[in-house]
1. Out of the residues in segment 37-63 meeting the condition of being crowded, with 19+ Cβ neighbours inside 10 Å and among the small types (Gly, Ala, Ser), tell me which one is farthest from residue 9 (Cα to Cα).
2. Going through segment 72-83 one residue at a time, which ones are over 22 Å from residue 24 (Cα atoms) and open to solvent by 20 Å² or more (accessible area, probe 1.4 Å)?
3. Would you please name the residue that is least open to solvent (accessible area, probe 1.4 Å), looking only at residues in segment 1-20 that are more than 22 Å from residue 68 (Cβ to Cβ) and touching a residue at least 12 places away in the same chain (Cβ under 8 Å)?
4. On the basis of being of a type in the set (S, T, N, Q), under 14 Å from residue 103 (Cα atoms) and touching a residue at least 12 places away in the same chain (Cβ under 8 Å), does residue 63 make the cut?
5. Considering only residues that are touching a helix residue (DSSP H, G or I) at 6+ places or on another chain (Cβ under 9 Å) and at pLDDT below 90, look in segment 81-101 and name the one that is nearest to residue 54 (Cα to Cα).
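The values are calculated or read from the model by the stated rules, or taken from the named source; none is laboratory data. These numbers come from a predicted model, not from an experiment. Note: ideal-geometry Cβ built from the backbone for every residue, glycine included; neighbour counts use all protein chains shown. Please note that ligands, DNA and RNA were not included when accessible areas were found on the heavy atoms of the full protein model with its side chains. Shrake-Rupley method; radii C 1.70, N 1.55, O 1.52, S 1.80 Å.
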Amino acid sequence: MQMIEHHPFWGYLLLQMQVVFDETLPTYAATDCLRYIWLNPTRTATLSLRQLGFVLVHELAHQLQLTTARARGRDPVCWHRATDYAINRIVTQIPHPSRAGPLYTPVDGALID
């Protein structure tokens, strides 16, 4: 709900997704770039709200940028890393609506999938 309040664009997109909790997920989160976001509740339980927001927006950005559809035979690992890099730059530049600085905080030392 905080995402809807602070950044309605991303909040609305998140409401369109089905969030599924999966403790076997080897990372914080993943998406099919269509309808689902999978979250690992064990890994995300220790994140701050700003970090959890970062993870969720990161996954939503994969959907917006059609990263799966645009892969078109590229090396999957290289393509995924490149899209993660571009997406993380976008998410870290989303401004906080009521104070200076970014709205979301990247997860230190972790690659987001």
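1. We begin by selecting, within segment 37-63, every residue crowded, with 19+ Cβ neighbours inside 10 Å; these are 37-39, 52-63.
Next, from what is left, pick out any that are among the small types (Gly, Ala, Ser): 53, 61.
Details: 53: 13, 61: 11 Å.
My answer is 53.
2. 72, 73, 74, 75, 78, 79, 82
3. 3
4. no
5. 96
Yes/no matrix, rows are residues, columns are (1) of a type in the set (D, E, K, R); (2) more than 12 Å from residue 107 (Cβ to Cβ); (3) in contact (Cβ under 8 Å) with a residue 40 or more places away in the chain; (4) not in a helix (DSSP H, G or I):
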site	(1), (2), (3), (4)
56	no, no, yes, no
78	no, yes, no, no
83	no, yes, no, no
88	no, no, no, no
